[in-house]
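The values are calculated or read from the model by the stated rules, or taken from the named source; none is laboratory data. Computed from a predicted structure; not experimentally measured. In this analysis, Cβ positions are derived from the backbone assuming ideal geometry, glycine residues included, and neighbour counts consider all displayed protein chains.
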Amino acid sequence: MDLSKIVKSIDHLEVLNFKDIDIKGISFNSNTIKSHEIFVCLKGEHVDGHNFAQSAFEKGAIALMCEKPLNIEIPQIIVKSTQESIADLAAVFYHHPSSELNLMGVTGTNGKTTVAHLVQKIFEKNNKKCALIGTLGHKLSSKDDYLEAKHTTPQAPQLQKTLQKILKADIENVITEVSSHALEQFRVKNCNFSLAIFTNLTQDHLDYHITMENYLHAKMKLFQGLKEGNWAIINNDDKYAKKIIDCIDKNVNILTYGVKQKSDIMAKNIEFMADGVSFDCVYKDKTVNFKLFLNGMFSVYNSLAAIGAGLANGIELNVIKEALEETKSVAGRFEIVKSNPMVIVDYAHTPDGLENILRASRELTPKDGNLICLFGCGGNRDCTKRPKMGKIAQQLCDKIIITSDNPRQEDPQQIITDILSGLALINPKTVFVEPDRRMAIKLLKDISNENDVLVLAGKGHEDYQILADKTIHFDDREEVLKIFGSNDEKESKEESKKETGEEVKI
């Protein structure tokens, strides 16, 4: 794209060293920049991209977008905020793809990933293609493998490029997770959302937002951007629901869902079973029974959110029912990776998320079994939630193991001490501490029996662990199967016993 077109299309303060050159890409990373790309000097929490402009130039940058003139003899677009202007640049460069898409966004503290996957399944059951962008990556259909993502919501250039890719693949519908960081950092600016879903708001990311009010206002931005004829799907049971609804334009269509408060879409007669949950979905004059393979009350709420998105798009309730009843768990979300004992891996890393997952796990715990939870908290993140999570785990579990999550640059022992400060009593028979997560999983095996339910919380789908000086490969699911053995191994031993005439206890 010609630089002159870019300059005409975005707000700027001035342009230095102008010449009409062909821009072949956008980069904000001096390590990966390619020849003939424009380098955007982003100012982050810890790093200022202006300091890497010279390096970017030496590696092939043909132009710069920056907040101040730099002593580099290439075209420079000077803007007030590179963080905001990169979103404008990306939208122009990739020709505003969202304007031709049915782009749906889901935001909230918990449930975004599951809701996004359920919505994709609903569209596909209705014979409509639907792409997905989120924490696990992006994919053009539910049958595709994920293409890895570094953020829940990609930075603006990657997001716009992905949307353009989806459009070129003749896919009209897209469901994307929208994080509070993405909203605050303008990553979804210039994205035309036709529908937005609010799942819930509980404590998280206060290291970044500082207050819950700031966190709420970040989420509100998604709904304030909706226009006449668009849809908002709101969890009416959440205490912030009214504030979200009040910020929405009066010409936007609103569907509420809930279990407790009177809502447009309601779940009634909820029954939890070992293999899932059953409930009656009531919408207008229709009542349809759903029997899902998903577990826990949070799965009921996630399903209602997805049902709302389906209904808003004109999809029949019976088609939505078929889609949800065929859906298994999402990777790292209440994922049962082992039986006897049952081992559940989940991404829960907030007080509310941990409480939800443990209450759901308690429903699956036999009367003669224990509920045991292994968890930690991330380093360089909101430390005020650590004692709260410790308190919740102790109250809801028979035994807990406190270990490391992604310690980053913090001392793992200090993180553990913060968690321990929330405990009423540290009983060595029920509270265990092991900073090494792999050793903690081995300890989990040592203190558990076959009738117990074991929850590994915090990392879910992640296949890495971020340490002070490096990132290593680490996947809770892989470690469980290495340490506990796979279900296939157990079944094969039982089959072998049957063949040799040995007694098999079921």
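Could you please find all residues in region 340-373 being polar (S, T, N, Q) and under 22 Å from residue 463 (Cβ atoms)?
The answer is 350, and nothing else.
Could you look through region 103-155, keep only residues that are farther than 19 Å from residue 218 by Cβ and of a type in the set (Gly, Ala, Ser), and pick out the one that is modelled with the highest pLDDT?
Ranking the qualifying residues of region 103-155, first place goes to 131.
Of all the residues that make up region 354-389, how many are in contact with an Asp or Glu (Cβ under 8 Å, 6 or more places away or on another chain) and part of a helix (DSSP H, G or I)?
Here is the first cut: in region 354-389, the ones in contact with an Asp or Glu (Cβ under 8 Å, 6 or more places away or on another chain) are 357, 365, 369-372, 375-383, 385-387.
Pick out the ones that are also part of a helix (DSSP H, G or I) and you get 357, 385-387.
Residues meeting the conditions: 4.
Scan region 17-38 and tell me whether some residue there is surrounded by fewer than 22 Cβ atoms within 10 Å (Cβ to Cβ), acidic (Asp, Glu) and modelled with pLDDT under 95.
yes
Within region 75-83, is even one residue among the β-branched types (Val, Ile, Thr), closer than 26 Å to residue 353 by Cβ and either surrounded by fewer than 24 Cβ atoms within 10 Å (Cβ to Cβ) or touching a residue at least 60 places away in the same chain (Cβ under 8 Å) (or both)? Even if it seems obvious, please write down each step before you answer.
Going through region 75-83, the residues among the β-branched types (Val, Ile, Thr) turn out to be 77-79, 82.
Next, only the ones that are closer than 26 Å to residue 353 by Cβ stay: none.
No.
Have a look at 91, 87, 61 and point out the one that is touching a Lys or Arg at 6+ places or on another chain (Cβ under 6 Å), at pLDDT 95 or above and more than 23 Å from residue 233 (Cα to Cα).
On the way: 91 fails: touching a Lys or Arg at 6+ places or on another chain (Cβ under 6 Å); 61 fails: touching a Lys or Arg at 6+ places or on another chain (Cβ under 6 Å).
Just one listed residue meets the conditions, 87.
Out of all the residues in region 460-481, which are assigned to a loop (DSSP other than H, G, I, E, B) and within 19 Å of residue 331 (Cβ to Cβ)?
460, 461, 462, 463, 474, 475
Can you tell which of 90, 131 is hydrophobic (A, V, I, L, M, F, W, C), under 29 Å from residue 347 (Cβ atoms) and outside any helix (DSSP H, G or I)?
131
Can you tell me which residue among 162, 109, 114 is in a helix (DSSP H, G or I), within 27 Å of residue 464 (Cβ to Cβ) and either basic (Lys, Arg) or within 17 Å of the chain's Cα centre (by Cα) (or both)?
The conditions single out 114.
State which residue pairs qualify: first residue free of Cβ contacts under 8 Å to residues at least 24 places away in the same chain and inside region 394-414, second residue assigned to a strand (DSSP E or B) in any location, beta carbons under 8 Å apart, and separation of 6 or more residues or different chains.
Once the first residue is free of Cβ contacts under 8 Å to residues at least 24 places away in the same chain and sits in region 394-414, no partner that is assigned to a strand (DSSP E or B) comes close enough.
Would a scan of region 425-444 turn up a residue that is buried (at least 23 other Cβ atoms within 10 Å of the Cβ), of a type outside the set (A, V, I, L, M) and under 23 Å from residue 462 (Cα atoms)?
yes
Would you check which residues across region 40-64 are buried (at least 17 other Cβ atoms within 10 Å of the Cβ) and assigned to a strand (DSSP E or B) and list them?
40, 63, 64
All but one of (1) closer than 26 Å to residue 316 by Cα; (2) of a type in the set (Ser, Thr, Tyr); (3) in a loop (DSSP other than H, G, I, E, B) hold for residue 202; state the number of the condition that does not hold.
It fails just one condition, (1).
If the requirement is being in the same structural domain as residue 240 (by TED's automatic domain parsing), under 29 Å from residue 310 (Cβ atoms), in contact (Cβ under 8 Å) with a residue 24 or more places away in the chain and surrounded by fewer than 16 Cβ atoms within 10 Å (Cβ to Cβ), which of these qualifies: 121, 128?
Residue meeting the stated conditions: 128.
Which of the residues that make up region 1-39 are among the acidic types (Asp, Glu), over 32 Å from the mean Cα position of the chain (by Cα) and not in a loop (DSSP other than H, G, I, E, B)?
Listed by number, the residues that qualify are 2, 14, 22.
Looking at 413, 409 in this structure, which one is in the same structural domain as residue 483 (by TED's automatic domain parsing) and more than 25 Å from the chain's Cα centre (by Cα)?
413
Restricted to region 291-339, and to residues that are modelled with pLDDT under 95 and among the small types (Gly, Ala, Ser), which residue is surrounded by the most Cβ atoms within 10 Å (Cβ to Cβ)?
Across region 291-339, the extreme among qualifying residues is 299.
Could you pull out the residue among 93, 18, 28 that is closer than 30 Å to residue 231 by Cα and touching a Pro at 6+ places or on another chain (Cβ under 8 Å)?
From the options 93, 18, 28, the qualifying one is 93.
Suppose we filter region 268-311 for residues that are within 17 Å of residue 344 (Cα to Cα) and over 21 Å from the mean Cα position of the chain (by Cα); how many remain?
6
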